[in-house]
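All remarks here apply to the structure that follows.
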Amino acid sequence: MKDQPDWYQFNNSEKIDTPALLIYSERVISNINRLKQMVSSPSLLRPHVKTNKSVKVSRLMMDAGITKFKCATIAEAEMLGRAGAPDVLLAYQPTLVKLERFIQLILAYPKTTYSCLVDNETTADMISLVAGLNNLIIPVCIDLNVGMNRTGIIPEKALKLFYYLTTLSGIKFKGLHAYDGHIEDLNLTDRTIHCEKEFEPVEKLRKNIQGLGYPLPLLIAGGSPTFAIHAKRANTECSPGTFVFWDKGYQEHIPEQSFLFAAIVLARVVSLPDETKICIDLGYKSISSEKPLQNRFYFLNAPHLKPYSQSEEHLVIEVGQGHEYKIGDEFYVLPMHICPTVAMYDEAHIIEKGTYTQKWPIDARGRALKPVDN
């Protein structure tokens, strides 16, 4: 899908202080609908909310028939409870303190079915004990390491853990979870071959469990680069997250996917430090900065410009001799990585039909949600 070159422009930008996160709600809805078209049924989807962290955006997905979600923090899990999400996987293995907070959520939002991850017997014992003390049965997914090498048990050793889980009270085996964020092949064919190879042990594990007389275990797998590959597997839920807003990084690395940019940052010129440079209010507290400076963002309305230096609240740009930039000029900035960019803002300014209309809170940007006003 090809964008109009000035799609990001709107008619009352003067009402917004900068730097500001902008969300184009109609484009968000378009991306949700596009996601649904890429799978055979919404029941195959379990979007990750780490990108949007928003009750409003999560409810847009629920309005589209998506009922299952994945998250990484207790704040995101609580945000989904407030949104009324029916099924939420905390894709994180809890420590004791986090587990106690998780129990509070389960009790506070009884209409939401919460589950979490486990990759070892010690944590399984802890979950079993604490769940029992609270008269609960907590669904758990075995977290598998398929090459990301940060958490999870390798599939070849997971059958023993599965057996162990079946002996414990207070927990219930829900399925298997595998995140394959390391699979980033640019070519879809190469990416598919890579993905299938990494998941051969996972499919073997599933068949081994099924061979013991259990149903084929649910598999929850796949971020944006691989979810369409996993969608072809039996009894598998896909969990992309970035699709909802999209970003420059994924546009370059997943060229076959045609999601629309739906969230950007608005910034303004605040100073003219010398004859060839301008300074805008886009420091690394305003946009994701884990990439090298030249690869952190893209100026939609000035793609030829390159950053010179960045600090906490300022970005200096080399613009050359004889430029016509002046104080207050606006820059529309496309992040290379939208997820951590969103997490820097308390609220987003919503653009609808070419007009700034309202603000939406980024509810779960912190580690805990703010109390709801009565």
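Residue pairs whose Cβ atoms lie under 6 Å apart, sitting 6 or more positions apart in sequence or on different chains, and linking a residue in segment 299-321 that is outside any strand (DSSP E or B) to a partner that is of a type in the set (Lys, Arg), are Glu312/Lys285. In segment 342-369, the residues that are surrounded by fewer than 17 Cβ atoms within 10 Å (Cβ to Cβ) reach residues that are part of a helix (DSSP H, G or I) and not β-branched (Val, Ile, Thr) with C-beta atoms within less than 7 angstrom, at least six apart or across chains, in these pairs: Glu352/Ser25; Glu352/Glu26; Gly366/Ala75; Arg367/Ala75; Ala368/Ala75.
Can you tell me how many residues within segment 184-202 are more than 25 Å from Leu90 (Cβ to Cβ) and assigned to a helix (DSSP H, G or I)? Qualifying residue count, segment 184-202: 10. If you go through segment 57-72 and pick out every residue that is in contact (Cβ under 8 Å) with a residue 40 or more places away in the chain and more than 11 Å from the chain's Cα centre (by Cα), you end up with 3. Picking from residues in segment 216-231 that are free of Cβ contacts under 8 Å to residues at least 60 places away in the same chain, at negative phi and of a type outside the set (A, V, I, L, M, F, W, C), the one that is surrounded by the most Cβ atoms within 10 Å (Cβ to Cβ) is Thr226. Based on what the data block shows, is Gly213 touching a residue at least 24 places away in the same chain (Cβ under 8 Å) and either farther than 22 Å from Thr95 by Cα or surrounded by 15 or more Cβ atoms within 10 Å (Cβ to Cβ) (or both)? So Gly213 does not fit the description; no.
With respect to (1) touching an Asp or Glu at 6+ places or on another chain (Cβ under 6 Å); (2) crowded, with 20+ Cβ neighbours inside 10 Å, the lone exception for Ser288 is condition (1). For segment 112-133, does any single residue satisfy the condition of being at pLDDT 95 or above, over 24 Å from the mean Cα position of the chain (by Cα) and of a type in the set (Asp, Glu)? Taking every residue of segment 112-133 in turn, at least one turns out to be at pLDDT 95 or above, over 24 Å from the mean Cα position of the chain (by Cα) and of a type in the set (Asp, Glu). For Phe243, indicate whether it is out of contact with any strand residue (DSSP E or B) (no Cβ under 6 Å at 6 or more places or on another chain), of a type in the set (Phe, Trp, Tyr), part of a helix (DSSP H, G or I) and modelled with pLDDT of 95 or more. Criteria met by Phe243. The residues of segment 170-210 that are basic (Lys, Arg) and surrounded by 15 or more Cβ atoms within 10 Å (Cβ to Cβ), listed by number, are Lys174, Arg191, Arg206.
The residues of segment 337-353 that are in contact with a Ser or Thr (Cβ under 7 Å, 6 or more places away or on another chain) and assigned to a loop (DSSP other than H, G, I, E, B), listed by number, are His337, Met344. If only residues of segment 232-253 that are open to solvent by less than 20 Å² (accessible area, probe 1.4 Å) and more than 21 Å from Ser289 (Cα to Cα) are counted, the one that is farthest from the chain's Cα centre (by Cα) is Thr236. Per the conditions (1) more than 15 Å from Glu78 (Cα to Cα); (2) of a type outside the set (Lys, Arg); (3) surrounded by 15 or more Cβ atoms within 10 Å (Cβ to Cβ); (4) touching a residue at least 40 places away in the same chain (Cβ under 8 Å), the sole criterion not satisfied by Glu156 is (3). Here is a check on your reading of the model: is Ile264 within 26 Å of Met79 (Cβ to Cβ), in contact (Cβ under 8 Å) with a residue 40 or more places away in the chain and touching a helix residue (DSSP H, G or I) at 6+ places or on another chain (Cβ under 7 Å)? Against the criterion (within 26 Å of Met79 (Cβ to Cβ), in contact (Cβ under 8 Å) with a residue 40 or more places away in the chain and touching a helix residue (DSSP H, G or I) at 6+ places or on another chain (Cβ under 7 Å)), Ile264 does not qualify.
Scanning segment 276-317 for residues being among the charged types (D, E, K, R), at pLDDT 95 or above and more than 20 Å from the chain's Cα centre (by Cα) gives a total of 4.
Does Asp185 satisfy the criteria of being without any contact (Cβ under 8 Å) to a residue 60 or more places away in the chain, over 16 Å from His230 (Cα atoms) and not hydrophobic (A, V, I, L, M, F, W, C)? In short, no.
Do you know which residues across segment 8-34 are out of contact with any Leu (no Cβ under 7 Å at 6 or more places or on another chain) and within 23 Å of Leu315 (Cβ to Cβ)? Gln9, Phe10, Glu14, Lys15, Asp17, Leu21, Ile23, Tyr24 - these are the residues of segment 8-34 that are out of contact with any Leu (no Cβ under 7 Å at 6 or more places or on another chain) and within 23 Å of Leu315 (Cβ to Cβ).
The values are calculated or read from the model by the stated rules, or taken from the named source; none is laboratory data. What you see is a predicted model; the values in this text were computed from it and never measured. Please note: Cβ atoms are built from the backbone with ideal geometry, for glycine as well, and neighbour counts cover all protein chains shown. Please note that ligands, DNA and RNA were not included when accessible areas were found on the heavy atoms of the full protein model with its side chains. Shrake-Rupley method; radii C 1.70, N 1.55, O 1.52, S 1.80 Å.
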